[in-house]
1. Identify, from the list 206, 125, the residue that is modelled with pLDDT under 85 and not hydrophobic (A, V, I, L, M, F, W, C).
2. I need the full set of residues from region 148-166 which are touching a Lys or Arg at 6+ places or on another chain (Cβ under 8 Å) and farther than 14 Å from residue 136 by Cβ, in order please.
3. With region 69-176 as the region, which helices (runs of 4 or more DSSP H) entirely inside it contain at least 3 residues that are of a type outside the set (Lys, Arg)?
4. Could you figure out which of (1) open to solvent by less than 40 Å² (accessible area, probe 1.4 Å); (2) in a helix (DSSP H, G or I); (3) among the polar types (S, T, N, Q) isn't true of residue 223?
5. Just the residues that are among the basic types (Lys, Arg) and more than 25 Å from the chain's Cα centre (by Cα), please, taken from region 218-247.
6. It is to be established whether one or more residues within region 150-170 are free of Cβ contacts under 8 Å to residues at least 40 places away in the same chain and surrounded by 16 or more Cβ atoms within 10 Å (Cβ to Cβ).
7. When the residues of region 198-220 are filtered to those that are open to solvent by 60 Å² or more (accessible area, probe 1.4 Å) and in a loop (DSSP other than H, G, I, E, B), which remaining residue is nearest to residue 45 (Cα to Cα)?
8. Tally up the residues in region 170-187 that are under 16 Å from residue 33 (Cβ atoms) and modelled with pLDDT of 90 or more, please.
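The values are calculated or read from the model by the stated rules, or taken from the named source; none is laboratory data. Just so it is clear, the model here is predicted, and its values are computed rather than measured. Reconstructed Cβ throughout: ideal geometry from the backbone, glycine too, with neighbour counts over all protein chains shown. The accessibility values were calculated without ligands, DNA or RNA, using every heavy atom of the protein model including side chains. Shrake-Rupley method; radii C 1.70, N 1.55, O 1.52, S 1.80 Å.
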Amino acid sequence: LKLQFLYLIGRAPRRPPPSASTEPQAAMGGGDLASLAEAIPVRLTPEERSLQRLLTSALDVSEYTNKVDVHSYGRDRLIEHNLLDLYQIMLGLNINASKDKGKKMLLHAFKDAQTDRDAVAQCSGWFRTMFEIGRRYKRMNPDKMRSEYGKLISLMQDAVQMERRLGMDIYMPVKSVGDDLEEHGLEKILADPELKVAASPLARMGADELAAAGREKEAVIKSMSERYADGNAQARDVVELCIPAIS
């Protein structure tokens, strides 16, 4: 049960994790950086940050845990009703935030749907993405989403149990640096000697030295992104997101 919960929140690595004594700097100096990259979440893109704010807003106004946790009987029907209620709130906020994009998604969902619940189920891929973004953001910012994250994990646990009843699979593993690089065929970057400079944290130093070191890192990251992207804008964006995440 504990392992299942760890997989639910995205903290159980699919590959053997590095030893507890392994530091990022040591890994970049010759250790298994590929294994370390599996545990490092990818930074959010501007679009994902917008979706994360939407998710936080929906969880903030939701009373899901207050309505579900206080009852010990008829929980399945109660969970189903309140999950659908939250999903509809999120879809409504998405229409307001993304305008035409949100409307098109919902119109497409209702096109072949018999009921509102069927339409919501058609959007399960969007909900998977939303919940993955929320969990990834929390891993990078432990001090954020304090009460909202508790609601998120609670409703995800219930949603997994209600998967067949609602016809929705809302689980997606948290996207890691290793996953993103492998997906775009860029995993060789983890063995690049320049990564030690590009991903090393800046030490304490004077303002002028710090600015110079920052410019050097930016130049190396830009050089590596152009070299590995080979003119592919999407690959360049992946490199520029993944390298700073390793720092």
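1. Numbers: 125 fails: modelled with pLDDT under 85.
One residue alone meets the criteria, 206.
2. Within region 148-166, just 166 meets the criteria.
3. Details: elements: 75-98, 100-111, 116-122, 124-140, 146-161, 163-166.
In region 69-176, 75-98, 100-111, 116-122, 124-140, 146-161 are the helices (runs of 4 or more DSSP H) which contain 3 or more residues that are of a type outside the set (Lys, Arg).
4. (1)
5. Residues of region 218-247 that are among the basic types (Lys, Arg), as a first pass: 222, 227, 236.
Selection gives 227 alone.
6. Taking every residue of region 150-170 in turn, none turns out to be free of Cβ contacts under 8 Å to residues at least 40 places away in the same chain and surrounded by 16 or more Cβ atoms within 10 Å (Cβ to Cβ).
7. 201
8. So in region 170-187, the residues under 16 Å from residue 33 (Cβ atoms) come out as 176-182, 186-187.
The next check asks that each one be modelled with pLDDT of 90 or more; those that pass are 176-182, 186.
Here the count works out to 8.
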